[in-house]
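Inspection log for the structure reproduced underneath, given as structure tokens.
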Ligand SMILES: NC(=O)C1=CN([C@@H]2O[C@H](COP(=O)(O)OP(=O)(O)OC[C@H]3O[C@@H](n4cnc5c(N)ncnc54)[C@H](O)[C@@H]3O)[C@@H](O)[C@H]2O)C=CC1
Ligand SMILES: O=C(CO)COP(=O)(O)O
């Protein structure tokens, strides 16, 4: 049984994760960006903006005050959208002890620096050895209903992985361990880009075969990046890789997939995020992965296509034609480290 756990972020995943953690902790304190959301959680035990039907356990409370949330915490869960992660870590400086175990649930790659999310946290708060990442096919809408899922918690230290495994695990939420934090985090970020491509193709009326091709070649693209950053390509076959890719590319809960569909019908990224109040991480990852692939000299045709559609105004038909014009060479897979 853990003592107090601090959860930084009260979006869909922060809310569902607090529910999981509450089963193992004395109490869980959630930091909410909005004071109104914090107040409503404390009064009604429900998040008024996300997963509104989900009743939070009695030992979950919320606050807009970082100091209050972190007071007496024995570990911290970071689950804010990637674009706010660095800024929030800056605000947490001085409140987070050097040895406080941290697990990062945010999925992304930082534009400009090309740092993975756990690296951003360690860059600001120090002591990378105490930072883990958790990822998998984990749509919050299903987790909070107790539907069966699984995730992998990755970090160098077996002891730290075992701590967070214990903190999250339940019969319905199976938590595995890995030491390949880079592989897990690359998979987590780049599968969102592939899901946007799948959404666009579904929106255009393309078939199931097309989506399967996108997922498969998307996974090959992800594996090239995993290898290039020093990760293990076998991670791509696991929960953070294939597991999350399939869930995100096919689920009606996925914001990346449904954004892709909406985009193909003319909705902009800004309008989609405004309408739903949720983040489309793949749109940001399309920028940072595109930059990273160029820096590493890696072929990333799907990322290039999504990037040029979102940021260069390339027509959908033209982007599809560029993909179809590629030479279908030998099917390298998994250990595909070609330059
Ligand atoms: N929703 C899900 O099922 C899952 C989400 N994730 C990841 O978790 C991370 C967080 O996503 P969600 O919980 O889904 O968020 P969300 O998309 O449900 O909500 C966005 C949240 O950002 C907050 N926000 C707005 N401005 C902010 C600011 N300036 N600073 C901090 N927070 C601000 C909003 O209040 C809102 O709660 C993302 O990286 C996502 O990829 C990972 C696995 C599952
Ligand atoms: O990462 C997720 C599920 O594991 C959530 O995906 P979306 O952000 O596309 O909803």
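The values are calculated or read from the model by the stated rules, or taken from the named source; none is laboratory data. Keep in mind that this is a model prediction, so the values were computed, not measured. Backbone-built Cβ (ideal geometry, glycine too); neighbour counts: all protein chains shown.
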Checklist entry - Of these, 170, 223, which one is modelled with pLDDT of 95 or more, surrounded by 21 or more Cβ atoms within 10 Å (Cβ to Cβ) and touching a helix residue (DSSP H, G or I) at 6+ places or on another chain (Cβ under 7 Å)? => result 223
Next on the checklist: Residue under question is residue 126, and the condition is that it be assigned by TED's automatic domain parsing to the domain that holds residue 150, farther than 23 Å from residue 169 by Cβ, more than 14 Å from ligand 1 (Cβ to nearest atom) and surrounded by fewer than 24 Cβ atoms within 10 Å (Cβ to Cβ); does it hold?
Outcome noted: yes
Checklist entry - Scanning segment 285-309 for residues that are closer than 22 Å to residue 85 by Cβ and buried (at least 23 other Cβ atoms within 10 Å of the Cβ), which turns out nearest to ligand 1 (Cβ to nearest atom)? => result 285
Item to check | Every residue from segment 233-279 that is more than 11 Å from ligand 2 (Cβ to nearest atom), assigned to a helix (DSSP H, G or I) and either without any contact (Cβ under 8 Å) to a residue 40 or more places away in the chain or not assigned by TED's automatic domain parsing to the domain that holds residue 313 (or both) | outcome: 242, 270, 271, 272, 273, 274, 275
Checklist entry - Does residue 36 satisfy being without any contact (Cβ under 8 Å) to a residue 40 or more places away in the chain, touching a helix residue (DSSP H, G or I) at 6+ places or on another chain (Cβ under 7 Å) and surrounded by fewer than 16 Cβ atoms within 10 Å (Cβ to Cβ)? => result no
Checklist entry - Taking segment 1-15, which residues are over 20 Å from residue 39 (Cβ atoms) and either within 15 Å of ligand 1 (Cβ to nearest atom) or in contact with a helix residue (DSSP H, G or I) (Cβ under 6 Å, 6 or more places away or on another chain) (or both)? => result 2, 5, 13
Checklist entry - Does residue 75 satisfy the condition of being more than 16 Å from ligand 1 (Cβ to nearest atom) and within 21 Å of the chain's Cα centre (by Cα)? => result yes
Item to check | Within segment 173-210, tally of residues that are buried (at least 16 other Cβ atoms within 10 Å of the Cβ) and either within 16 Å of ligand 1 (Cβ to nearest atom) or within 18 Å of the chain's Cα centre (by Cα) (or both) | outcome: 25
Next on the checklist: Among (1) in contact with a helix residue (DSSP H, G or I) (Cβ under 8 Å, 6 or more places away or on another chain); (2) surrounded by fewer than 16 Cβ atoms within 10 Å (Cβ to Cβ); (3) within 16 Å of residue 23 (Cβ to Cβ), there is one condition residue 157 misses while meeting the rest; what is its number?
Outcome noted: (3)
Next on the checklist: Can you tell me which residue is nearest to residue 291 (Cα to Cα) among those in segment 115-135 that are within 16 Å of ligand 2 (Cβ to nearest atom) and in a helix (DSSP H, G or I)?
Outcome noted: 117
Item to check | Lone unmet requirement of (1) under 20 Å from the mean Cα position of the chain (by Cα); (2) surrounded by fewer than 17 Cβ atoms within 10 Å (Cβ to Cβ); (3) closer than 20 Å to residue 25 by Cβ for residue 113 | outcome: (3)
Next on the checklist: It is to be established whether one or more residues within segment 171-184 are within 14 Å of ligand 2 (Cβ to nearest atom) and part of a helix (DSSP H, G or I).
Outcome noted: yes
Item to check | Criterion violated by residue 138 - all others in (1) within 20 Å of residue 118 (Cβ to Cβ); (2) within 16 Å of ligand 2 (Cβ to nearest atom); (3) not in a loop (DSSP other than H, G, I, E, B) satisfied | outcome: (3)
Item to check | Residue count for segment 49-64, restricted to those that are surrounded by fewer than 20 Cβ atoms within 10 Å (Cβ to Cβ), more than 14 Å from ligand 1 (Cβ to nearest atom) and within 17 Å of residue 29 (Cα to Cα) | outcome: 5
Item to check | Of all residues in segment 38-84 being within 16 Å of ligand 2 (Cβ to nearest atom) and touching a strand residue (DSSP E or B) at 6+ places or on another chain (Cβ under 7 Å), the one that is nearest to residue 168 (Cα to Cα) | outcome: 77
